[in-house]
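A.B. asks: The structure's right below; bear with me while I get my questions together.
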């Protein structure tokens, strides 16, 4: 089995710091990191260069193509909201 190696980018480091400061549970932190990574992989770009339209497109993809519902989509939305509002300090 091929081992996946993840590099800690400055963005991820900032997000981890912000999650620690917020006092998020370990399970929540893991879920947020997972969802932000999937979002970036879906678009093939860093979240830093993506915005509202790409978020909507990704959430729509989760619902329509992957047939995800409820908690899964809410976690993805919350992870992206935390990243953009808290870490990147964007309000759109």
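The values are calculated or read from the model by the stated rules, or taken from the named source; none is laboratory data. Note that this is a predicted model, so its numbers are computed, not measured. Every residue, glycine among them, receives a Cβ derived from its backbone with ideal geometry; neighbour counts consider all protein chains shown.
A.B. asks: Restricting to the range 20-33, name every residue that is surrounded by fewer than 16 Cβ atoms within 10 Å (Cβ to Cβ) and touching a residue at least 40 places away in the same chain (Cβ under 8 Å).
C.D. replies: Selection gives 22 alone.
A.B. asks: Right, here's the next one. Looking at 17, 38, 12, which one is at negative phi, out of contact with any strand residue (DSSP E or B) (no Cβ under 7 Å at 6 or more places or on another chain), outside any loop (DSSP other than H, G, I, E, B) and without any contact (Cβ under 8 Å) to a residue 12 or more places away in the chain?
C.D. replies: Values: 38 fails: without any contact (Cβ under 8 Å) to a residue 12 or more places away in the chain; 12 fails: without any contact (Cβ under 8 Å) to a residue 12 or more places away in the chain.
Testing whether each residue is at negative phi, out of contact with any strand residue (DSSP E or B) (no Cβ under 7 Å at 6 or more places or on another chain), outside any loop (DSSP other than H, G, I, E, B) and without any contact (Cβ under 8 Å) to a residue 12 or more places away in the chain leaves just 17.
A.B. asks: Let me ask another. Could you look through the range 64-78, keep only residues that are exposed (fewer than 14 other Cβ atoms within 10 Å of the Cβ), at pLDDT 95 or above and part of a helix (DSSP H, G or I), and pick out the one that is nearest to the chain's Cα centre (by Cα)?
C.D. replies: 74
A.B. asks: Going through the range 49-58 one residue at a time, which ones are part of a helix (DSSP H, G or I) and out of contact with any helix residue (DSSP H, G or I) (no Cβ under 6 Å at 6 or more places or on another chain)?
C.D. replies: 49, 52, 53, 56, 57
A.B. asks: For residues that are buried (at least 17 other Cβ atoms within 10 Å of the Cβ) and closer than 19 Å to residue 18 by Cβ, scanning just the range 39-63, find the one that is farthest from the chain's Cα centre (by Cα).
C.D. replies: 50
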